[in-house]
Amino acid sequence: IEFVEYTEDKVVLVKLKGSCHGCPHAQATIKGVIEKILKEQYPLIAAYGVPMPTLRIRQMKSCWGSCLYRKGIVTLNNRLMLKSRRCMEYVVLHELCHFVHPNHSREFYGLLGTLMPDWKERREELKG
């Protein structure tokens, strides 16, 4: 597996030998990087009375993230690490917004747009 680690503006590419998707060391490193982004994005949604969610990282085939708003859990795709920090921030905030609006309604996208005005560009970058 290859993944990137972000420290301020620097990007470090890390290569692990073999098939390590479930490797505890790889998962811990991936979770640490994404957890840092979650902690940076969380204050934006905390103002809406949302408690800090539990973060889970796993292999996902068809989406970048999911939210179990009733249980307070955000699950993110471990392959998100292969995307830019901007994309990771977008996915994290997208999932956090589901704690306020647990759907993809006009209100959901209004909140996302208020908190991250360039979310559409980030989503396009994620798709690309």
**Request:** Could you order peptides 61-68, 73-80 by the average number of other Cβ atoms within 10 Å of their residues, highest first?
**Result:** 73-80, 61-68
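Full extension from TYR109 to GLU121: what is 0.36 nm times the residue separation minus their Cα-Cα distance, to one decimal in nm?
Details: separation 12, 0.36 × 12 = 4.32 nm, distance 1.36 nm.
This chain segment gains 3.0 nm when fully extended.
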**Within segment 74-109, backbone nitrogen closer than 19 Å to the virtual label 7 Å beyond the Cα of MET52 toward Cβ** = 74-76, 89, 92-100
**Item:** Distance violations [Cα-Cα > 22 Å] among LYS31/LYS120; LYS31/LYS61; LYS61/LYS83; LYS39/LYS71; LYS71/LYS120
**Value:** LYS31/LYS120; LYS71/LYS120
**Distant-in-sequence amide H partners of ARG56 (H built 1.01 Å from N, under 5 Å)** = VAL74, THR75, LEU76
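Just so you know, all these numbers are worked out from the coordinates, no wet-lab data involved. These numbers were taken from a predicted model, which means no experiment stands behind them. Positions of Cβ are backbone-derived with ideal geometry, glycine not excepted, and every protein chain shown enters the neighbour counts.
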